[in-house]
Amino acid sequence: MQTLKQRLSTLIEERGPITIADFMQIVLTDPNHGYYSKQDPLGAQGDFITAPEISQVFGELLGIWCAHYWHELGEPSNTMLVELGPGRGTLMKDLLRATKNVPNFHKSITVHMVESSPVLTQKQQQTLSGEKVKIQWHADFSTVPDGITLLVANEFFDALPIHQFVKTTQGWRERLVGYQKSQFTFTLAKHETPAAKLIPPKFADAPNNSFIEVSPACAAVMHQISERIMHFGGAALIIDYGYTFKEPADTLQAVKDHQYHSVLEDIGDADITAHVDFPLLAGTAMAAGAKVHPAVSQFQLLQALGIQFRAASLIKKATPEQQEDIIRAVERLMHPNEMGTLFKCIAITQPDAPAPLGFGPISDGQAAKA
Ligand code: SAH
């Protein structure tokens, strides 16, 4: 079988340089060699770590968020609880444990795990094997059945493909990946490419050599989420690292063994992501008629959900060594120099629906206490 490098180099030799979006799509999700398809990238042994892997508190608090909104919706009996890109299934496991005693909640939900990677699907199935709730897996969001939806997506959108453009004297030109002398290289398209239409016109005067990114893939998923919420009701919570004010920037990055890495080397063995364009997500949801509850930081959301009370109750039952771990984990999730401010959260609901926890006025650290 061809290696990923062979597959990509042959493709580029036949078709010419490819967009960063096509490059990311193949490198991350190629069914045989894609980064996510062939390995579990998470945790201390892997390449990067995410909030649910840092502390059980993260998934537990998201459980409170979901159960609270389910109650606000009138406790509907046939609710789709959807997670996009669930990694190892840790968030869902913690979410389900935290909501076990919410009367009728587990009876009323079917869990839908949307995961493209066979390796991670298997891992999630192991993690959730003891659960009594109905759980279904989907390789794509489009096959999740109709119905009132509660959706969570943590570090999902950052893995979706982006297009990059560089400002030249002829206008924005798309950045492409070529292949020369056995090496992948960046190059620029000679003419305008279709995705250039997605660059907001206000950036037309950006200085030469500036970068801008657009992600039709993020917009497409956001559109699907918004249509679903508009049609059936419910709420979506999106948490990711990204920006809430769009400016020209190059945010494409690769990470391997917890270190930054070249995007064009060790293809398929390093994670490639880009910062999430929250204004694009918000604009897409609003265009579908949905309400976007404006971005708050991860610090603000977890604070509002009562992280300090949950951590305090865990600390009470812990050994001194475990206590230190809990404190350190909460610090990683909350501190402005760690995940606290870089990670942003938005929520999507129908326009007249109540605000979810953490996004409305009555959310001052009370949730986990109550
Ligand atoms: N949410 C998890 C994992 C984040 S890593 C956590 O917080 O730990 C990104 C996840 O998205 C992985 O599970 C990856 O396999 C999945 N993924 C990436 N691209 C996808 C796509 N196009 N469709 C479905 N899942 C995808």
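Derivation of every value follows stated rules applied to the coordinates shown; laboratory data play no part. Please read these numbers as outputs of a predicted model, since none were measured by experiment. Cβ sites come from the backbone with ideal geometry, for glycine too, and all protein chains shown count toward neighbours.
Taking R0 as 30 Å, what FRET efficiency do you get between K190 and A287 from their Cβ-Cβ distance, rounded to the nearest 0.05? Efficiency, rounded to the nearest 0.05: 0.40.
The simple Förster model, with R0 at 51 Å and r as the Cβ-Cβ distance, assigns E247 and D140 a FRET efficiency of 0.95.
Across segment 86-110, the residues whose backbone nitrogen lies under 17 Å from the label position 7 Å along the beta-carbon direction of Q122 are 87-89. The order of the peptides 313-320, 115-122 by mean Cβ neighbours within 10 Å, most packed first, is 115-122, 313-320.
Per residue, the convex hull around the alpha carbon atoms of segment 238-356 comes to 147 Å³. Could you give me D for segment 33-75, from Stokes-Einstein at 10 °C and 1.306 mPa s, where the hydrodynamic radius is the Kirkwood radius over C-alpha pairs? Units µm² s⁻¹, please. In µm²/s, the coefficient is 126. Principal axis analysis of the Cα atoms in segment 156-242 yields extents of 50, 35, 23 Å, listed in decreasing size. Relative to the longest principal axis of the Cα atoms of the chain, helix 56-72 runs at roughly 70 degrees. Highest-first packing order for the peptide set 236-242, 98-104 is 236-242, 98-104, based on the mean count of other beta carbon atoms within 10 Å. Compared with the alpha-carbon gap, the fully stretched path from T10 to H231 is longer by 75.2 nm at 0.36 nm per residue. The C-alpha atoms of the chain define a longest principal axis, and helix 320-334 lies at about 50 degrees to it. Remark on the chain: Rg and Dmax equal 21.0, 64 Å (Cα only).
With 19 Å as the limit on Cα-Cα distance, the pairs of K256/K344; K134/K344; K38/K93; K93/K132; K38/K181; K291/K344 that go past it are K256/K344; K134/K344; K38/K93; K38/K181.
When the chain is treated as a Gaussian network with alpha carbon springs shorter than 10 Å, the biggest mean-square fluctuation among L95, L198, L281 belongs to L198. Across segment 244-283, the residues whose backbone nitrogen lies under 18 Å from the label position 7 Å along the beta-carbon direction of F203 are 244-253, 273-283. Roughly what angle does helix 278-287 make with the longest principal axis of the chain, taking Cα atoms, 0 to 90 degrees, to the nearest 10? Taking Cα atoms only, the helix is inclined about 80 degrees.
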